[in-house]
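Following: one structure in structure tokens, then a few remarks.
The values are calculated or read from the model by the stated rules, or taken from the named source; none is laboratory data. What you are looking at is a predicted structure, and each value in this text was computed from that prediction instead of being measured. Neighbour counts are summed over all protein chains in view; Cβ atoms, including those assigned to glycine, are modelled from backbone coordinates with ideal geometry. Just the protein is used for accessible areas: all its heavy atoms, side chains included, with ligands, DNA and RNA removed. Shrake-Rupley method; radii C 1.70, N 1.55, O 1.52, S 1.80 Å.
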Amino acid sequence: MFAIVLPLKAFAYQSLFLLIAIAIEATVLYQRLSQDSRKSLDPSPPITPKQSVQYATSTQLLATVVGWLVFFMFFSTTRILPSDLRVALIDFVFFDQWTEGTATLLILISFVTFFASLAVNHFGLLGLKRILYGAPKSAEDDSGEASEGESDVFRDLRKEPRDFQPQFSALLFANALAYTAILAVLLLRLLFMAYYHPISV
Amino acid sequence: MNAFKAFKFNLKPVTRPFEHVQKQFQGIKAFSWQTCLLLSLLAWCVCLLIQAEGLRKFVGVFAWFFLIVGTDWGLLEQELKARKADKEFKVPLLGLKLRYSPWITGALITLAFWSYDFFITDARSALVSWPIISLVVAAFPRFLKPGPKLKHFSELDVAARQDLVILSLIALLLSCWFEFGFQIQDILQQYPSMQADSFARSAFVVQAPIKNQPVPRGVPMLEQAQRLVRDRIAPLSWNEARQWLQNIPSQVPTLNAQVKEAVFGNPPRLEESQFWSLSAQFKEEIPDDRLILQAIWRGPSSQPGGYVLQQNCLFGKPPLQSITPSSGLGAITPYRFDCQRIISNAKRVNLGGRGPQENFLQRWWRSIQPRFSRER
């Protein structure tokens, strides 16, 4: 006879974080990247707000799915983890119990997650543009850019670091803001739990 | 025809429903989704009549096929009508149009695969593969060209590609969510004592309160320990029993091993057996000596550091009336050994003692009240 235990809270929190991250990233992308394309050697800027929302949705969803897959591969509870890590994970998931070791591990994981999600977002956005608009053209078509107007021109991959830097910095700013907002939500939750469900020793 | 009409005239209220059904059937065009569903129904009836297993499966394939195609077709037509009347369902913020028909069709296909054990064998793989199959169902129409060819990916336009990307990511996310839910169930299977605990502080899971909440494994451990001790001291006299009980700390390892073997099996079936341990103490008091049996839990729990289940057993001389010379009644133990109710220092663990006086709604309401307003 099993109790009906479902991770509905996890689904709700994740949806909330996704919505926050998508909203923030869409705004930042629209503000930062909708400049005149002739000034910087940018790839196609998301001109319309709708496009920026779609880009943000795609990248954030991709980051979430990749995160889940990593979780299932490395932290899945089918005896891959050593026993004490597993117990700490179970304690954390089911009972919100922190030890010092858990706290440091979580902080480390958050750092890694931030930079990993930044990388996934960046390359995900590159991949998305490639899927949407086709493979990058070769370097000799540089001169024809101004006449193309709004259409998208991709640079050769060896020029990538310079050309994609506005996109990268926009993503960095967006991710930092989004993570700050998520931390604020978690802090609120911490206060709420301390008030309503204090740990009784 | 006129005679028929005259006949109908007299029996209007009776024949009206039949007329309705007749009109419905006559309104079905030959090449439509209703025909498909009817074919499926026919195939199911044939399936019921056939006894041979192989032939049954063969006809079953057709039945499922017509059912799936029929529902998909019907739902598509409904969607087209809604699109013309501009009544589609839109997600407000993102402007995405949500279609529910691929999910229903995907569910039917998943059920079809499940009934044939075709890659899908149980509820877990069914739920996890449902979003992916729905994704294939939703994406497939975009690749169709007139004639029996399929479009290459590069022939789709930008908006379609973007939609596909977002759709596939959402489907993958749902699959991951379902898989996580099943992994939670796996953990609970290995740690059943956790179900007796309260998950109110958890950031991840929610527990629906059920009537018969399980008790921690410590309870059968204590019962077994008590029984073992009782059996052990039964043939002894009072003095010998008392001596044995006084030396009980030396018996603890064997008792521990025996009790765990009885409750968890050898080798242990459950992972949580490594966190349970048994301890026993004998305290000499007046009027009765006390044997304190403890089942100590050092694993995950809502109480930091684990909790202890304790049972006090009183050991003393029996009241005078029961000292009778053994006269064929069998051995009467010359002492008393009563064990009391199990108590614990864990505040939120269910020990089975609370009767079903309140239903689950009342318990849930009580559990979400802030701490200071709850009576203790």
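At-a-glance table
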quantity: Among the candidates B:239, B:256, residue that is modelled with pLDDT of 85 or more and more than 14 Å from chain A (Cβ to nearest Cβ); calculated: B:256
quantity: Leading residue by the ranking (least open to solvent (accessible area, probe 1.4 Å)) among those in region A:186-201 that are among the hydrophobic types (A, V, I, L, M, F, W, C) and within 11 Å of chain B (Cβ to nearest Cβ); calculated: A:193
quantity: The lone exception for residue B:177 - which of (1) part of a loop (DSSP other than H, G, I, E, B); (2) at pLDDT 85 or above; (3) more than 26 Å from residue B:269 (Cα to Cα) it fails; calculated: (1)
quantity: Members of region B:177-230 found to be touching a residue at least 40 places away in the same chain (Cβ under 8 Å) and acidic (Asp, Glu), listed by number; calculated: B:179, B:197
quantity: Count of region B:114-125 residues which are touching a residue at least 12 places away in the same chain (Cβ under 8 Å) and assigned to a helix (DSSP H, G or I); calculated: 3
quantity: Matching entry among B:294, B:274, B:310, B:303 (being modelled with pLDDT of 80 or more and part of a loop (DSSP other than H, G, I, E, B)); calculated: B:303
quantity: The one condition in (1) farther than 30 Å from residue B:316 by Cα; (2) in contact with a Leu (Cβ under 9 Å, 6 or more places away or on another chain) that residue B:229 fails to fulfil; calculated: (1)
quantity: Among the residues listed as A:158, A:189, A:162, the single one being in a helix (DSSP H, G or I), modelled with pLDDT of 90 or more, of a type in the set (Lys, Arg) and out of contact with any Pro (no Cβ under 8 Å at 6 or more places or on another chain); calculated: A:189
quantity: Only listed residue being open to solvent by less than 70 Å² (accessible area, probe 1.4 Å) and either in contact with a Leu (Cβ under 8 Å, 6 or more places away or on another chain) or modelled with pLDDT of 90 or more (or both), chosen from A:40, A:110, A:76, A:34; calculated: A:110
quantity: Test result for residue B:302, in contact with a Gly (Cβ under 9 Å, 6 or more places away or on another chain), within 14 Å of another protein chain (Cβ to nearest Cβ) and more than 13 Å from residue B:222 (Cβ to Cβ); calculated: no
quantity: Any chance residue B:159 is surrounded by fewer than 17 Cβ atoms within 10 Å (Cβ to Cβ) and more than 24 Å from residue A:68 (Cβ to Cβ); calculated: yes
quantity: Criterion (among the β-branched types (Val, Ile, Thr) and open to solvent by 40 Å² or more (accessible area, probe 1.4 Å)) met by exactly one of B:184, B:170, B:166, B:233; calculated: B:170
quantity: The lone exception for residue B:207 - which of (1) at pLDDT below 85; (2) in a loop (DSSP other than H, G, I, E, B) it fails; calculated: (2)
quantity: Matching residues in region B:254-265 - criterion: being outside any loop (DSSP other than H, G, I, E, B) and either surrounded by 11 or more Cβ atoms within 10 Å (Cβ to Cβ) or among the small types (Gly, Ala, Ser) (or both); calculated: B:255, B:256, B:257, B:258, B:259, B:260, B:261, B:262, B:263, B:264
quantity: Residue in region B:138-153 that is within 8 Å of another protein chain (Cβ to nearest Cβ), under 27 Å from residue A:17 (Cβ atoms), open to solvent by less than 40 Å² (accessible area, probe 1.4 Å) and of a type in the set (Gly, Ala, Ser) present; calculated: no
